[in-house]
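Report on the following structure.
The values are calculated or read from the model by the stated rules, or taken from the named source; none is laboratory data. This one's a predicted model, so the numbers in the text were calculated from it and none came from an experiment. Cβ coordinates were reconstructed from backbone atoms using ideal geometry, including for glycine residues, and neighbour counts include every protein chain displayed. All accessible areas refer to the heavy atoms of the entire protein, side chains included, with ligands and DNA or RNA removed. Shrake-Rupley method; radii C 1.70, N 1.55, O 1.52, S 1.80 Å.
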Amino acid sequence: SRINPVLQQPYAMIFLPYSPEIVIAAMENYKDEKQSSKERIANPKNYQSFDETSLIRNNREAADLIFQIGLKSSINKNASAVYLMLNSPGVGSGHDTRFDMEQAKTFLDNLAIAIRTYALTEQIKLQTYEFSKANKKQQDLIAYGNKLDSKKTGLLLKPLSNDRQNMKRNQLLDRQIAENKFLQDVQKLEIEKQQTDLKILMSTEKTNPKDA
């Protein structure tokens, strides 16, 4: 079985297309069964509520489920890796509990179904905010660029009396204008990325089954 490199123990794992923060919130939501009726209607054959999963039913010692949730990749903050540890240290019983690998995998597969409606909705909200924030940053860069251009024009029309000062001021403005244009180009790419991510999520929402 696979060994978690951090906790040095076996684990079951699943990748989910949501940020770690949203996965954690959605898991709490699933545990509280706030989404059970929706998901049961949408997935009548393969949906199990939290308490109905074989992992929970066979957990007679009520051992804690230990998860480790982080980014699937450092370059994508909207995808998570969820690890479920197979060993749970005993508290009241005095001995450790070892979860079955297949039951752990089934639990994670069911988790992906159970949190989908909640997590996808929250992820779209977050991505919409990120897209809006990226656009706002670009607007600020453009406004600052226009301000620099005005300063440059004003200096050309009304140069300072000192030629040396004029040259230094011009050089400084040229550097600032070039840097601003570079940052605008970078931000344009960021906007395109955020927009693409949002479109993917919106497309997923359209194909995501919902109750009537």
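If the condition is being at pLDDT below 90 and among the hydrophobic types (A, V, I, L, M, F, W, C), then region 150-181 contributes Leu155, Leu156, Leu157, Leu160, Met167. Note on region 105-144: residues that are among the acidic types (Asp, Glu) and open to solvent by less than 70 Å² (accessible area, probe 1.4 Å) amount to 2. With respect to the conditions (1) of a type in the set (Lys, Arg); (2) surrounded by 17 or more Cβ atoms within 10 Å (Cβ to Cβ); (3) modelled with pLDDT of 90 or more, Lys147 lacks only one, and its number is (2).
Within region 15-27, being surrounded by 17 or more Cβ atoms within 10 Å (Cβ to Cβ) and either touching a helix residue (DSSP H, G or I) at 6+ places or on another chain (Cβ under 9 Å) or among the β-branched types (Val, Ile, Thr) (or both) holds for Leu16, Pro17, Tyr18, Ser19, Ile22, Val23, Ala26, Met27.
Of the numbered conditions (1) under 20 Å from the mean Cα position of the chain (by Cα); (2) in contact (Cβ under 8 Å) with a residue 40 or more places away in the chain, Gln138 fails exactly one; give the number of that condition. Just one mismatch for Gln138, condition (1). Contact map, region 173-188: first residue closer than 12 Å to Asp149 by Cβ and open to solvent by less than 70 Å² (accessible area, probe 1.4 Å), second residue part of a helix (DSSP H, G or I) and aromatic (Phe, Trp, Tyr), Cβ cut-off under 7 Å, separation 6 or more or different chains; pairs are Asn180/Tyr144. Leu84 falls short on exactly one of the conditions (1) of a type in the set (A, V, I, L, M); (2) free of Cβ contacts under 8 Å to residues at least 40 places away in the same chain; (3) open to solvent by less than 70 Å² (accessible area, probe 1.4 Å), and that condition is (2).
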